Amino acid sequence: MKNPISSAVTTVILLGYCFFLLSGCVGSSEPLYEYTLSPRVQQSEPGQQSGQRTLIIMPVLAPLWSVGSGIVTRSSSNNINTSSTHLWAGTLQDQLTTTLAENIRSLAKIKDVQVYPGSRFAKPDLLLEVELLRFDGALGDDFTCSAIWTLSDNHRKKTLQRKQFSTTVPVDSDGYTDYVTAASTAISQLSKEISLSLQ
């Protein structure tokens, strides 16, 4: 027959051990950090935009390995790392599309820039599609953005331009803030190239 006192002591010890393990797990959890891309172009002066055409931007396509919430960095040409604590606020695709639209809106001489699906009765003159082939880099080193962008006449259903783009931007430190700043700069450079075709 089991000693009730011994069983009670064993139960208390096990409960205490479980509590110790749980408190260790909770106490060692790292804080989460969220980041957003930001427009990095100068606003056009009032009256500078005289275009009459309208543009709609389709959702930007990003590489499959970078569409999760964790920010992706690269430690070698074939090795990527996805952070579990440094995250994109919202989806990266939405951030890319919105930032691209804000940049082009500031740069291009165009009447209106909308993000798909746009307003209910929108009939844009131009349609922009962007596919990112690479959108990552190394902390404290550089950030690379490679893309193919296509500009089409939405009424005539005709491709006007299809071009490749690539840029590498220095990352000022090994922190994620500077890494995301470099990513924003890369998108602004892509925006400038596209905007030139809209003049």
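For Ser184, are the conditions met, namely being closer than 20 Å to Lys109 by Cβ, small (Gly, Ala, Ser) and surrounded by 14 or more Cβ atoms within 10 Å (Cβ to Cβ)? Taking the combined requirement at face value, the residue does not satisfy it. Can you name every residue in segment 16-64 that is within 26 Å of Lys123 (Cβ to Cβ), modelled with pLDDT of 75 or more and exposed (fewer than 10 other Cβ atoms within 10 Å of the Cβ)? Hit for segment 16-64 is Gln52, nothing else. Note on segment 118-164: among residues that are free of Cβ contacts under 8 Å to residues at least 12 places away in the same chain and not aromatic (Phe, Trp, Tyr), the one that is farthest from Ser83 (Cα to Cα) is Arg156. Any residue that is closer than 18 Å to Thr181 by Cβ, surrounded by fewer than 15 Cβ atoms within 10 Å (Cβ to Cβ), over 16 Å from the mean Cα position of the chain (by Cα) and at pLDDT 90 or above - is there at least one of those in segment 124-140? Yes; the residues of segment 124-140 include at least one that is closer than 18 Å to Thr181 by Cβ, surrounded by fewer than 15 Cβ atoms within 10 Å (Cβ to Cβ), over 16 Å from the mean Cα position of the chain (by Cα) and at pLDDT 90 or above.
The number of residues in segment 85-122 being part of a helix (DSSP H, G or I), of a type outside the set (S, T, N, Q) and within 21 Å of Leu198 (Cβ to Cβ) comes to 7. Within segment 86-105, the set of residues being surrounded by fewer than 18 Cβ atoms within 10 Å (Cβ to Cβ) and either among the basic types (Lys, Arg) or within 14 Å of Val180 (Cβ to Cβ) (or both) comprises Ala89, Gly90.
Scanning segment 166-183 for residues that are closer than 14 Å to Ile71 by Cα and in a loop (DSSP other than H, G, I, E, B) yields Asp174, Gly175.
The values are calculated or read from the model by the stated rules, or taken from the named source; none is laboratory data. Remember, predicted model here, so these are calculated numbers, not experimental data. In this analysis, Cβ positions are derived from the backbone assuming ideal geometry, glycine residues included, and neighbour counts consider all displayed protein chains.
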